[in-house]
1. For n ≥ 4 DSSP H runs only, could you compute -39500 (n - 2.57) per run for the chain, divide by its residues and tell me the 222 nm figure to the nearest 500?
2. Give me the net charge for the shell around Arg81: Cβ to Cβ below 13 angstrom, other residues only, Lys and Arg +1, Asp and Glu -1.
3. For the chain, what D do you get in µm² per second when you plug the Kirkwood radius from alpha-carbon pairs into Stokes-Einstein at 20 °C and 1.002 mPa s?
4. Quick one: length gained pulling Lys93 to Thr67 fully straight, 0.36 nm per residue minus the C-alpha distance?
5. Mind checking which lysines have their C-alpha under 16 Å from Lys79, skipping anything on the same chain fewer than 8 residues away?
6. Once you have the Cα-Cα distance between Lys79 and Thr29, take 0.36 nm times their residue separation minus that, and quote the gain in nm to one decimal.
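Nothing in this text is a laboratory measurement; each read-out follows from the coordinates by a stated rule. Values in this document were obtained by computation on a predicted structure and should not be read as measured data. So basically every Cβ, Gly included, is an ideal-geometry build from the backbone, and we count neighbours across all protein chains shown.
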Amino acid sequence: MTPKQACLNLLGLSRRAKQQIAGENLTLTAIRNQSAKLVFIASDAGPSTAKKFHDKAQSYDVPVIDTLTRAELTAANGKPRTVIAITDAGFAKKMVAIMTK
């Protein structure tokens, strides 16, 4: 199993465990109130969306993974999404470890 596939599997598991927030407005709120532990931004997201979330996540010291496409995030989440926030520290730590191998 590739690191990308392992991360997508964990992303689906985190959704079923209700440990993620999906959608742009909800994700921005989660970053601001520091409940987001990790943010996924689709690699094919629009440039203004990508910049907005990268800047916001950097200012609140939230790690970002932007190597997955919108199609991959949608397949793992079950709904069309460009931005997803993980709210559980355990899931976030494992996903970051997998994707930085």
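1. It comes out at -16500 deg cm²/dmol, rounded to the nearest 500.
2. Net charge around Arg81: 0.
3. Values: Rh = 13.0 Å.
D, rounded to a whole number, is 164 µm²/s.
4. Values: separation 26, 0.36 × 26 = 9.36 nm, distance 1.65 nm.
Full extension from Lys93 to Thr67 adds 7.7 nm.
5. Lys18
6. Between Lys79 and Thr29, full extension yields an extra 16.0 nm.
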